Every structure is written in structure tokens, then in C-alpha cells.
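**Q** Right, I'll just put the structure down here and ask away after.
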Amino acid sequence: MDKIKKFLLRLSKKEREILLFLLERIKNLDLDWLDIKKLEWEKNMYRVRKWKIRIIFKRMWNTGLIIDMNYRGQIYKN
């Protein structure tokens with residue numbers, strides 16, 4: 001099981017549903033009304049912030065590729 005699925009399973013049902021909705025929007029590059037910031041260390045890499053959770057994704061052609069998702073204190077340690 002990959003680390004994103006493991007992370008989602010640790011959350012409550014309501015949090016999981018909201019984050020799955022966000023992941024779908026990121027995948028489709030429907031980024032309106034999301035708290036997004038471009039990351040400096042890599043081209044086409046972005047961060048979405050929701051509560052204390054960060055989602056790192058890469059913009060590729062016409063889709064968003066989810067790289068990682070974790071709490072803010074853990075996400076940038078890799």
C-alpha cells in the first residue's frame with residue numbers, strides 16, 4: 001500500500017472525503033479556490049494546503065500528479 005493511501009486511512013471519514021475531493025480537483029487541474037504555492041526547488045511542483053495537511057503535486061501536461069501528502073511537520077523531511 002502506498003504512503004498516500006496509508007495516510008488517508010488514518011484520518012476520519014469526513015476528513016478523508018474532503019481530501020479525496022481535493023485530490024480529484026488537483027488531478028483535473030481544477031485549482032480555483034485552493035491554497036496553492038509554487039515550490040522553489042523543482043520546476044512545476046506545487047503545494048496545496050488544507051488544515052495542517054499539505055499535498056505536493058506536479059503539473060504535467062493537462063493533469064496533476066500527486067507526489068506526497070502528509071502533515072506540515074512531516075511533508076518536507078524527505
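**Q** Being of a type in the set (D, E, K, R) and surrounded by 11 or more Cβ atoms within 10 Å (Cβ to Cβ) is true for just one of Lys43, Lys38. Which residue is that? So that I can check it myself, show each step before the final result.
**A** Working: Lys43 fails: surrounded by 11 or more Cβ atoms within 10 Å (Cβ to Cβ).
From the options Lys43, Lys38, the qualifying one is Lys38.
**Q** Next question. If you check every pair at least six apart or on different chains, which have Cβ atoms under 8 Å apart with a residue in region 7-33 that is within 16 Å of Tyr46 (Cβ to Cβ) and touching a residue at least 40 places away in the same chain (Cβ under 8 Å) first and a residue that is surrounded by 11 or more Cβ atoms within 10 Å (Cβ to Cβ) and of a type in the set (Phe, Trp, Tyr) second?
**A** Pairs that qualify, where the first residue is within 16 Å of Tyr46 (Cβ to Cβ) and touching a residue at least 40 places away in the same chain (Cβ under 8 Å) and the partner is surrounded by 11 or more Cβ atoms within 10 Å (Cβ to Cβ) and of a type in the set (Phe, Trp, Tyr), are Ile26/Phe57.
Throughout, read-outs are computed from the coordinates displayed, never taken from laboratory work. Since the model is a prediction, treat every value here as computed from it, not as a measurement. Note that each Cβ is placed from the backbone with ideal geometry, even for glycine, and that neighbours are counted across all protein chains shown.
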